Amino acid sequence: MLCAATVPAQEAFEVRVAGGWQPLWQGATAPGRWVGVAPVVGQALAWEDAGAGVERGRLDLRTAGRARHVRVHFVRVDPTRVRLSLHTNVGAEGLLPWHVEVAPDDAVLAVNGGQFVDDRPWGWVVHRGREIQSPGAGSLAMALVVDSVGGVHLLAPGEIERWRGQVREALQSYPMLLDRGGQVPDAVRGLAPGVDTAHRDTRLVVGVQSDGKVLLALTRVVVLGRELGPTPLGLTVGEAAALMGAVGADRAMMLDGGLSSQLLARAPGGQPEIFRGLRRVPLGIVGVSSPGGLPRSSRPGR
């Protein structure tokens, strides 16, 4: 962990380990770079094989702000066994708002996509190799892409142009939480403008590990032992970045959280578990198991 940052000192969270709470991150001494899994997370987070290239995990956090108890549901996907693609909801009257319960029956993963403007996705959208919308501009406007052999990559804004015309699926979102090597952007660290570092909300984050596996994290607030649905309470952007760095993400970006946040994931035993959102969205991401496996993809930027 390198480069202490200037973010609000009241930002902090602890993680539950063996019935007690241990400190994980504090804003006053926030690292500017995360390397590998934080030791306390290694103790607290047990990955459970759900089959079909999907693993599940859970962490309980205690924050220093409102909504002190935040539960994080993790899904880790092996893209050599699960093919990810964009998904829309098409009805008799044409394109309809999307939600996880319209995912195909064979989906082992479904999650709402990136940021939206009214009833349309914002920024770059590619589906089945066809560019539907051109990239949006923004210093933290990262993109998730699926390459021609199913590999999943997160691209910094400056990398997007050279990938155009070479990807099968793509969507764009904001903000980038971790750049290559676990580097936290200055704006997320509170050292530059562009990000509201004080706002708390339900968070939905996607990350990619250095081995190519995809990480998804969905937060839910716990009150009096009861886990709530999507609420305008939870983690700050800085805390979300720290969370993804602590669990070993090499790169990460926010997907649309708040009332839009929704997730369907294969649970151990084979049945899907559904976390519903309160807002329907234009676009989703769906993962379908590929029993024969997919070839290894190239590294980003090649």
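The values are calculated or read from the model by the stated rules, or taken from the named source; none is laboratory data. Computed from a predicted structure; not experimentally measured. Using ideal geometry, Cβ is built from the backbone for each residue, glycine included, and neighbour counts are taken over all protein chains shown.
Would it be correct to say that Ser173 is closer than 28 Å to Arg56 by Cα, of a type in the set (Ser, Thr, Tyr) and surrounded by 14 or more Cβ atoms within 10 Å (Cβ to Cβ)?
yes
I'm told Leu191 meets every condition in (1) touching a residue at least 60 places away in the same chain (Cβ under 8 Å); (2) touching a Phe, Trp or Tyr at 6+ places or on another chain (Cβ under 7 Å); (3) hydrophobic (A, V, I, L, M, F, W, C) except one. Can you identify the failing condition by its number?
(2)
If Thr236 passes every condition in (1) of a type in the set (Ser, Thr, Tyr); (2) more than 12 Å from the chain's Cα centre (by Cα); (3) crowded, with 22+ Cβ neighbours inside 10 Å; (4) at pLDDT 95 or above but one, which one does it miss?
Result: Thr236 fails condition (4) only.
Every residue in the stretch 239-248 that is in a helix (DSSP H, G or I) and either within 12 Å of the chain's Cα centre (by Cα) or not charged (D, E, K, R) (or both), please.
Ala240, Ala241, Ala242, Leu243, Met244, Gly245, Ala246
Can you tell me which condition Val70 does not meet? The list is (1) aliphatic (A, V, I, L, M); (2) buried (at least 16 other Cβ atoms within 10 Å of the Cβ); (3) more than 23 Å from Leu109 (Cβ to Cβ), and all the others hold.
Result: Val70 fails condition (3) only.
Which of the strands (runs of 3 or more DSSP E) contained wholly in the stretch 112-227 include at least 1 residues that are more than 23 Å from Leu95 (Cβ to Cβ) and out of contact with any Gly (no Cβ under 7 Å at 6 or more places or on another chain)?
Ranges flagged: 142-147, 152-155, 176-178, 204-208, 214-223.
Looking at (1) free of Cβ contacts under 8 Å to residues at least 40 places away in the same chain; (2) assigned to a helix (DSSP H, G or I); (3) not β-branched (Val, Ile, Thr), which is the only condition Glu55 fails?
With (1) free of Cβ contacts under 8 Å to residues at least 40 places away in the same chain; (2) assigned to a helix (DSSP H, G or I); (3) not β-branched (Val, Ile, Thr) applied to Glu55, the lone miss is (2).
Quick check: is even one residue across the stretch 189-205 crowded, with 24+ Cβ neighbours inside 10 Å, at pLDDT 95 or above and among the β-branched types (Val, Ile, Thr)?
Yes - at least one qualifying residue is present in the stretch 189-205.
Which one is modelled with the highest pLDDT among residues in the stretch 78-97 that are farther than 17 Å from Ala170 by Cβ and in a strand (DSSP E or B)?
Top of the filtered list is Val82.
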